[in-house]
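Peer 1: Have a look at this one.
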Amino acid sequence: QVQLVESGGGSVQAGGSLRLSCAASGMLFNVMGWYRQAPGKQRELVATKTISGSPTYADSVKGRFTIFRDLAKHMVYLQMNSLKPEDTAVYYCYSYYKAAYWGQGTQVTVSS
């Protein structure tokens, strides 16, 4: 009944851009956002956006990443600009309403 599906990952050179998309089904989520996990590191919060609130960002991506939602399409996006090798990770879509739900992850690889 609840499913989150990410797309848009890939390989880019440093300084490039990618846009990640996440399609949500099954229910309305107050909170949607993105986490990422690099090999050997803990999963970390990247960005979140509630239906009506302002977006939040990790300090490491402020000024480079933008999160936005299309409520009519039940989607959330992450526009990633000025990508750095340290951004390389599996990116997971995250949604919350009374419980947390996760997408399957999409790989982002940034080469120098």
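The values are calculated or read from the model by the stated rules, or taken from the named source; none is laboratory data. If you're wondering where the values come from, they're calculated on a predicted model, not measured in any experiment. Quick reminder, even Gly has a Cβ in these numbers, built from the backbone with ideal geometry, and neighbours come from all protein chains shown. Keep in mind that these areas ignore ligands, DNA and RNA; they rest on the heavy atoms of the full protein, side chains included. Shrake-Rupley method; radii C 1.70, N 1.55, O 1.52, S 1.80 Å.
Peer 1: Order the peptides 31-37, 6-12, 92-98 from the highest to the lowest mean number of other Cβ atoms within 10 Å of their residues.
Peer 2: Highest to lowest by the protection proxy: 31-37, 92-98, 6-12.
Peer 1: Still on this model: Which number gives the lysine pairs in the chain that have C-alpha atoms under 17 Å apart and are eight or more places apart or on different chains?
Peer 2: Working: LYS41/LYS84; LYS49/LYS62; LYS49/LYS73; LYS49/LYS98; LYS62/LYS84.
So the count works out to 5.
Peer 1: Okay, next question. Do you know the relative contact order of the chain, to the nearest whole percent, from alpha carbon pairs under 8 angstrom that are 6+ apart?
Peer 2: Values: 274 pairs, mean separation 41.1, N = 112.
Computed over the chain, the figure is 37 percent.
Peer 1: Separate question: On average, how much accessible surface per residue is there in the chain, in Å², for a 1.4 Å probe, leaving out ligands, DNA and RNA?
Peer 2: Ligands and nucleic acids excluded, the result is 53 Å² per residue.
Peer 1: Let me ask something else. Around GLY105, which amide H atoms from residues at least 5 apart in sequence, or from another chain, sit under 5 Å from its own amide H, with H modelled in the peptide plane?
Peer 2: GLU6, CYS93
Peer 1: So, with a 1.4 angstrom probe, what is the percent of accessible area on the chain that is carbon and sulfur?
Peer 2: That fraction is 49 percent.
Peer 1: Sketch the reach of a paramagnetic label on ARG43 as a point 7 Å from Cα along Cα-to-Cβ, and name the residues of segment 91-112 whose backbone nitrogen lies under 15 Å away.
Peer 2: Residues 91-97, 99-107 fall inside that zone.
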